[in-house]
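Following: one structure in C-alpha cells, then a few remarks.
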Amino acid sequence: MKFTKEEIHKSMLLYAVTDRMWLNEGETLISVAEEVLKNGATFLQIREKDLNEDDFEAEAEALHTLCAKYRIPFVVNDSVEIALRCNADGVHVGQSDIKGRDIRALIGPDAILGISAGTVQEAEAAEAAGADYIGVGAVFTTGTKKDARSLTMEQLRAIRNAVSIPIVAIGGINSGNIMRLAGSGVDGVAVVSAIFAAPHPGEATAGMLKLAEEMLSAKTVRGEGNE
C-alpha cells in the first residue's frame, strides 16, 4: 500500500511499537494489535527482539494484513529483508544501518523509511539518507533501551529545526509526561509500554490518542526538565 507524504506526516500522531512480553494468557500479538488499531493508533511498527527470524516474519505478515485492513502504515524494525519479503509498507532502522548501506535504494522510492536519531547530526544524516520520518529519542528515561540518554527539550527543538521531514518522539512516553512535549515541534509520539503494558491496551490507546492531539494543539512546553 502506498502512502502519500501528507498521510505519513499525519500518521506520526500516535505511533505504536509492539512488545509481546506484555501479552496476557490467551492473547496474541495480533489480537492486541487489532484493539490498538481500532482505538486510534495511527502507525504500527513490529519490534520483537526475542523472536526467531521465521516467527518474526510470520508475525510481520499477519500484522501487515491487519494494518492494511485499517489502512494504517506498517513498518518492520531493522530487517530490510523481512520487510521486503512480507511486503510491509516500509522499514525502520538505526544510524548504524545507514552507514555504507543505501536503504532507500533497497526498499524503493515508494516504501516508508524511518530512521532513529538522537542528535542534530544524526537527524541530518537520516534526512540525507532518504528518510520519510525520524524517530527522535529517548525523550524520557525508558526501560526499553536501558543505555539510552534522554534528550532535553532544547535538543529536541534543535533537531526539529534542523530537518524538514516529520519527527516522532520516542522513549518513556506515557500519559503522565506526554504534555511536557507540547511546543517541542514533534509531529507525534511513539509508545511501547504505555499501550502494550496497559491492562486494557485498547482503552490506553484511546487515552493516549486524545492526549497526543492535545499535546500537538498546545502552544507552549509544559516543564523543561526530563524525568
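Looking at region 32-47, which of its residues are in a loop (DSSP other than H, G, I, E, B) and open to solvent by 50 Å² or more (accessible area, probe 1.4 Å)? Full working, then the answer.
So in region 32-47, the residues in a loop (DSSP other than H, G, I, E, B) come out as 39-42, 47.
Matches in region 32-47: 39 only.
Residues in region 1-31 that are more than 11 Å from residue 66 (Cβ to Cβ) and part of a helix (DSSP H, G or I): 10 in all.
On the basis of being crowded, with 21+ Cβ neighbours inside 10 Å, modelled with pLDDT of 95 or more and either of a type outside the set (D, E, K, R) or over 15 Å from residue 3 (Cα atoms) (or both), does residue 63 make the cut?
Working: crowded, with 21+ Cβ neighbours inside 10 Å: yes; modelled with pLDDT of 95 or more: yes; either of a type outside the set (D, E, K, R) or over 15 Å from residue 3 (Cα atoms) (or both): yes.
Yes: the conditions hold for residue 63.
Scan region 141-160 and tell me whether some residue there is at pLDDT 95 or above and within 15 Å of the chain's Cα centre (by Cα). No, region 141-160 has no match at all.
Which fully enclosed strands (runs of 3 or more DSSP E) of region 100-209 have 1 or more residues being open to solvent by 10 Å² or more (accessible area, probe 1.4 Å)?
Values: elements: 112-117, 133-137, 167-170, 189-191.
Output list reads 112-117, 133-137, 167-170.
Once region 48-71 is narrowed to residues that are of a type outside the set (A, V, I, L, M, F, W, C) and outside any helix (DSSP H, G or I), the residue that is nearest to the chain's Cα centre (by Cα) is 48.
The values are calculated or read from the model by the stated rules, or taken from the named source; none is laboratory data. Remember, predicted model here, so these are calculated numbers, not experimental data. All Cβ positions, glycine included, derive from the backbone under ideal geometry; neighbour counts span all protein chains shown. Side chains are part of the model used for accessible areas, which takes the heavy atoms of the whole protein and leaves out ligands, DNA and RNA. Shrake-Rupley method; radii C 1.70, N 1.55, O 1.52, S 1.80 Å.
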